[in-house]
Structures are given as structure tokens and as C-alpha cells.
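Report on one structure; see the data block that follows.
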Amino acid sequence: MPRRSPTHTCYIYIHIYVYHGCRLSDGAPVPALLMASAVPAPLLSGHRVRGTLVQRLLRRPLPPTSALRAAGRRASWRAPPRRLFLGLGAVFLDQFARMASGSGGHSFTATARPERGVSPVEQVLKNVEWPEKFPFKDEDFARFDESPDSLFYSEPRFVTHIDDPAIHALTNYYSKVFPPSNSPGVCLLDLCSSWVSHYPAGYRQDRIVGMGMNEEELKQNPVLTEYIVQDLNVNPKLPFDDNTFDVITNVVSVDYMTKPIEVFKEMQRILKPGGLAIMSFSNRCFWTKAISIWTSTGDVDHAWIVGSYFHYAGGFEPSTAVDISPNPGRSDPMYAVYSRKLETA
């Protein structure tokens, strides 16, 4: 019988696990994408493939257009290779059972950390050429767990998604861009808030509103002057008058929004002219509740995705991405995409 090439390709029924350097908060790796189907696959366990190939294989197109590729060339970066593991259903079931046993209490990283040098995250929104129409489809906002979010967040979780260095980096960033503490008439909204907002120590304004999913968590947030419990995936309408807030923040939660354009339009409405919206994120999340397009892409793509929300919502200045990661490769990365409401909007 003739020997087959080690790279021989055939059609087999498999489970595909795509790892993006993923880890639970306890350090265990977890799959970011799962799929079972008949696909052509190289019979090499641990075969290394580029992200674009993985996306084609799983019929998950990467969102960035030629503008993203051009940004990558300008920054002289290459997307880190992702690893494709071929396994048996029994292996998947064992790993999934262990993941599910935490009842969603663990978060995981969705991609590898940025390389040294110029951060590609900071380049991706520079001179971007947006598609004429919003490039994402309904299925891009599907989630592994489509059960009501009110059930998932019914029990308080007094945890933080990001480690202390990342928290410090975000707080330090806020201290540079926030209006001075105790400024007359200044109002802030912390969207998708919880028991902590990571605002600078002692920061105060006459009105700081928190909107989140768990009342017990919101009650414990010392920076808030008031709070509202609301599921934005059910009702994206924000219960505030036009031109109310000077700053809107959102910490590691933009990846859970299933109706982001509606939410961003509402943000634009309630911001004062020139008001600032800051969407910060890392590579950690409750993966079962994060949207598909987020868990299937990396940090640079995430910045592009958030930038697209600002663009297609309308009424915002061109958005900017910043990499405020404190210790790349040694602690959690931290990024922010921000924009201001147009003065004439």
C-alpha cells in the first residue's frame, strides 16, 4: 500500500477547536470556536494555520477590509498564527463539561497579546476606509449561550475581568481624559456597570450614573450617585434626555452587545456636543455570552469592530484606538476605542 504524504487532506467528521492563546482565569486553555462538520482538514494534530484560513474554513469572514491590511503593512506586523486542533467528540465533551461547571463564572482570553514595537491596535483605525454598509450580519451577534441575560447575571459576581496592572492602566488613562473631579454640571454614565467602575480614586461629580444587570453589584459601587438595572440586549433605548452626559464609559463589556448600533446611536443622542465615549476592552470575557464575531477574532479586529460601531451609528468624530497595555506579554492587555459626539450633531 503506498505511503501517504503527512499533509494528505481528506474529508472527515471532526470537532474543530480554535485556540487563541485562550485561558480561563485559573489558567486552563479553552476553545474560542467550536464546530462539528465534514470539512477538508490536514491530518496533523496541532497544525498551525493563519487566522484568515481558519475563518474561511469555518465560514467566518474577518471584518476588516483592505484598510486593515494596509494598516498592518504600515505597522509592519503579522497576525499571530492560530493553532488548529483536531480532536474527538469525547475530548470536547470532557473539556466543555469542565468549562460549563463554573456556571459562567470564569472569563477567558480571546487572543494572543500584542507583539513589541508599534501596536497594530493603534494603527487599525487610522485612515480607515469603511465599507458603504455595516459589514456584519445577524449571525455575527449570535452567542453560544442564548438564554436570557437576566438569568446569567441574576447572581452577583464581585469579580474583575482584568488583572491589577490592567486596572491600574485603565484608571490612569481615565485620570488623563476625564473632566476634573467636582466640576459643576458634569455628568458621567458608566454603561454595563457593576460593583466597580475603575474610576480614579476619590473621583466625584454631582451625577455619575451606572447602568448594569445586577442590582446588588450596582449598590456596592461607591462612585455611583444613582443606578439603573437594564438589559441593553433586550432594550437598547437609554432612559435619558438628549445632551445629558459629558462622558460615557464601558469597561470590558462591548463584546456582549447584540444590538451595538442601536446602543451607540443612543449614546450619541444622550452625549452633550463634544461629549466623550470610551469603550475599553481586554482579551477576557464570559465566552458563552460574548458575540460570535468577537470570540472568532483578535485584538486588532476588536478595535476595528468597535470603531465600526461609532462610524455606522453616525454623529461621532472618527474614532481612535489606544493601546494602554501595562506589560505586554506579562499581564492582561488593555485597549480603548474612543470618539466624541460631533459639535454640530
_From the options S175, S197, S193, residue that is out of contact with any strand residue (DSSP E or B) (no Cβ under 9 Å at 6 or more places or on another chain) and at pLDDT 95 or above_ = S175
*For the range 239-251, which residues satisfy the criterion of being among the hydroxyl-bearing types (S, T, Y) and either buried (at least 24 other Cβ atoms within 10 Å of the Cβ) or outside the structural domain of W304 (by TED's automatic domain parsing) (or both)?*
T249
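Looking only at the range 205-214, decide whether some residue is over 23 Å from H311 (Cβ atoms), among the β-branched types (V, I, T), surrounded by fewer than 19 Cβ atoms within 10 Å (Cβ to Cβ) and free of Cβ contacts under 8 Å to residues at least 40 places away in the same chain. Talk me through it step by step, then tell me what you get.
Let us first name the residues in the range 205-214 that are over 23 Å from H311 (Cβ atoms), namely 205-214.
Okay, now just the ones that are also among the β-branched types (V, I, T), so 208-209.
Next, only the ones that are surrounded by fewer than 19 Cβ atoms within 10 Å (Cβ to Cβ) stay: none.
Within the range 205-214, not a single residue is over 23 Å from H311 (Cβ atoms), among the β-branched types (V, I, T), surrounded by fewer than 19 Cβ atoms within 10 Å (Cβ to Cβ) and free of Cβ contacts under 8 Å to residues at least 40 places away in the same chain.
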*asked:* Quick check on the range 252-268: of everything there that is farther than 12 Å from F286 by Cα and out of contact with any helix residue (DSSP H, G or I) (no Cβ under 7 Å at 6 or more places or on another chain), which residue is surrounded by the most Cβ atoms within 10 Å (Cβ to Cβ)?
replied: M267
*Within the range 293-311, is there a residue that is surrounded by fewer than 21 Cβ atoms within 10 Å (Cβ to Cβ), assigned by TED's automatic domain parsing to the domain that holds T160 and touching a Lys or Arg at 6+ places or on another chain (Cβ under 9 Å)?*
no
*Of the criteria (1) crowded, with 18+ Cβ neighbours inside 10 Å; (2) farther than 21 Å from R284 by Cβ, which one S183 fails*: (1)
_So, F286, is that one modelled with pLDDT of 95 or more and of a type in the set (A, V, I, L, M, F, W, C) or not?_
no
*Being buried (at least 17 other Cβ atoms within 10 Å of the Cβ) and among the hydrophobic types (A, V, I, L, M, F, W, C) is the filter; apply it to the range 145-180 and report the residue that is farthest from R340 (Cα to Cα).*
F152
_Quick check on K133: is it surrounded by fewer than 13 Cβ atoms within 10 Å (Cβ to Cβ), modelled with pLDDT of 95 or more, among the charged types (D, E, K, R) and within 18 Å of the chain's Cα centre (by Cα)?_
no
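What residue, among those in the range 329-345 that are in a strand (DSSP E or B) and of a type in the set (S, T, N, Q), is nearest to Y309 (Cα to Cα)? Break it down stepwise before answering.
Filtering the range 329-345 for residues in a strand (DSSP E or B) gives 331, 335-341.
If we keep only those that are of a type in the set (S, T, N, Q) too, we end up with 331, 339.
On the way: S331: 28, S339: 11 Å.
Taking the candidates together, the pick is S339.
Counting just the residues of the range 269-278 that are touching a Phe, Trp or Tyr at 6+ places or on another chain (Cβ under 7 Å) and under 22 Å from K176 (Cα atoms), which one comes out surrounded by the fewest Cβ atoms within 10 Å (Cβ to Cβ)?
Here is the first cut: in the range 269-278, the ones touching a Phe, Trp or Tyr at 6+ places or on another chain (Cβ under 7 Å) are 270-272, 275-278.
So of that shortlist, the ones also under 22 Å from K176 (Cα atoms) come out as 271-272, 275-278.
Details: L271: 28, K272: 18, G275: 25, L276: 20, A277: 25, I278: 20.
Filtering first and then ranking leaves K272.
The values are calculated or read from the model by the stated rules, or taken from the named source; none is laboratory data. On a predicted model such as this, the values are computed, not experimentally measured, just so you know. A quick note on method: Cβ atoms are made from the backbone with ideal geometry, for glycine too, and the neighbour counts reach across all protein chains shown.
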